[in-house]
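The values are calculated or read from the model by the stated rules, or taken from the named source; none is laboratory data. None of these values were measured; they are calculated from a predicted model. Cβ atoms come from the backbone with ideal geometry, glycine included; neighbour counts cover every protein chain shown. Heads up: the accessible areas ignore ligands, DNA and RNA and are worked out on the full protein's heavy atoms, side chains in. Shrake-Rupley method; radii C 1.70, N 1.55, O 1.52, S 1.80 Å.
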Amino acid sequence: MRTIDRIVELRAGCDEARGAGRSVGLVPTMGYFHEGHRSLMRAARHDNDVVTATIFVNPLQFAPDEDLGGYPRDVAGDTAVAEAEGVDVLFVPSVAEMYPEPTRTTVHVAGLSEGLCGAERPSHFEGVTTVVTKLFEIVGPCTAYFGRKDFQQLAVVRRMTADLNLPVEVVGCPLVREPDGLAMSSRNAYLSPEERQAARVLYRALRRAADAVSAGERVASALRDLVVDAVTREPLVLLGYAEVRRASDLERIEHLDGEVLLAVGARVGPARLIDNVVLTIADDVVTADLGILTQGSTT
Ligand code: AMP
């Protein structure tokens with residue numbers, strides 16, 4: 001594995017690989033790798049000849065009062081993980097490399113980026129879509145892997161890629177959970193033992209909601225109320241939002257039918273955590289995609 005920090009080097013390496021007829025897989029991240037990141041690297045490794053992972057804690061997607069300064073970082077540990085997952089190129093640029101001057105150009109995906117997490121973090125997705133556009137432009141034609149844990153981010157990136165005809169195939173990968181159900185996140189590192197315990201309520205609430213739909217619930221507001229009720233019983237968890245949306249375009253719905261996203265965002269101590277379940281409702285048949293529970297000792 002080569003670790004590089006220069007844009008020209010990444011671009012040249014990807015051009016050279018494609019020139020030799022090799023496909024390129026891209027895994028954009030902010031680092032501090034966990035099993036969720038690893039699952040994306042494995043998918044990219046499986047599908048492509050050359051795998052590039054990137055680590056960049058992108059200042060543009062953090063509001064001034066957010067955790068940019070304290071965001072967990074461990075480039076040495078991440079390097080070992082990426083190497084173990086068969087990554088060929090690890091791109092770890094500096095802020096000066098990505099933004100030699102304050103950017104005057106941003107990418108905004110209207111509508112999709114405005115509710116859910118976007119309601120609490122108004123400039124967040126513009127930061128994400130701007131940096132992802134830059135990465136797609138630098139890497140060039142490739143297949144890029146994103147986690148469904150950040151369901152809205154995936155929807156926004158997909159739409160941006162389609163709208164701007166970017167030569168990238170965007171692949172969504174399953175949400176990966178700790179053995180007790182907590183969605184894996186680099187930000188889980190912020191949690192005290194008590195907060196870590198309390199945070200489990202998010203998964204419990206989503207499961208309860210999925211069970212209710214399996215038992216026949218079809219009213220979106222009732223499903224939302226169920227989640228709000230479960231989460232607000234946990235005093236250490238401050239619910240930001242619980243929302244039911246159509247999965248395909250994140251539009252609000254009242255009646256549950258087809259592919260439905262139930263998404264939550266909450267603050268637990270210093271950590272902003274998000275989680276979701278995708279329910280597929282076809283007549284009386286309900287399937288719930290809660291992602292993958294890891295087995296091992298990864299807590
Ligand atoms: P991050 O480093 O948190 O910006 O995430 C980088 C990529 O990993 C994004 O595509 C995320 O959706 C994905 N990711 C983060 N956590 C998980 C998880 N628990 N399961 C699956 N994918 C994840």
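A few comments on the model shown:
- Estimated 222 nm signal from helices in the chain, with DSSP H stretches of n ≥ 4 weighted -39500 (n - 2.57), rounded to 500: -10500 deg cm²/dmol
- Angle of helix 151-163 to the longest C-alpha principal axis of the chain, folded into 0 to 90 degrees and rounded to 10: 50°.
- Rounded, prolate or oblate (a/c below 1.5 giving rounded, otherwise prolate when a/b exceeds b/c) for segment 31-183 by Cα gyration tensor: rounded
- Note that segment 221-298, at 25 °C in a medium of 0.890 mPa s, gets a Stokes-Einstein diffusion coefficient of 178 µm²/s from its Kirkwood radius over C-alpha pairs.
- Per residue, the convex hull spanned by the Cα atoms of segment 111-183 amounts to 91 cubic angstrom.
- Accessible area (Å², per residue) of the chain, counting only protein heavy atoms and a probe of 1.4 Å: 46
- Residues whose placed amide H lies under 5 Å from that of GLY31, excluding near-sequence neighbours: PHE56
- Global geometry of segment 177-267, whether rounded, prolate or oblate, following the gyration tensor of its Cα atoms and the 1.5 cut on a/c: prolate
- For the listed peptides 254-263, 59-68, a ranking on the average number of other beta carbons within 10 Å per residue, highest first, reads 254-263, 59-68.
- C-alpha long axis of helix 7-19 to longest principal axis of the chain, angle in °: 90
- Electrostatic dipole magnitude of segment 238-299 [Cβ: Lys, Arg +1; Asp, Glu -1; Cα centre; debye, to 20]: 500
- Kirkwood radius, segment 14-106, all distinct C-alpha pairs, inverse of mean reciprocal distance: 14.5 Å.
- The apolar share of the surface of segment 106-259, taken as the fraction of accessible area on carbon and sulfur atoms (1.4 Å probe, ligands and nucleic acids excluded), comes to 49 percent.
- Hz values of 3J(HN,Hα) by residue in segment 223-240 - Karplus curve (6.51, -1.76, 1.60), Gly and Pro given as x: 5, 4, 4, 4, 5, 4, 4, 5, 6, 6, 6, 9, x, 7, 10, 9, 6, x
- Of the trypsin sites (Lys or Arg not before Pro) found in segment 20-60, the ones in coil according to DSSP and having at most 14 other Cβ atoms within 10 Å of their Cβ are ARG22.
- Overall dimensions of segment 112-154 as given by Cα atoms, namely Rg and Dmax in Å: 11.5, 33
- Comparing PRO122, ALA84, LEU68 along the charge dipole axis of segment 32-144, the residue lying farthest to the positive side is PRO122, per the Cβ-charge model.
- Computed from point charges on the beta carbon alone (+1 for Lys and Arg, -1 for Asp and Glu), the dipole magnitude for segment 36-143 about its Cα centre is near 120 Debye.
- Equivalent-ellipsoid semi-axes for the chain (Cα gyration tensor, √(5λ), whole Å, largest first): 32, 21, 19.
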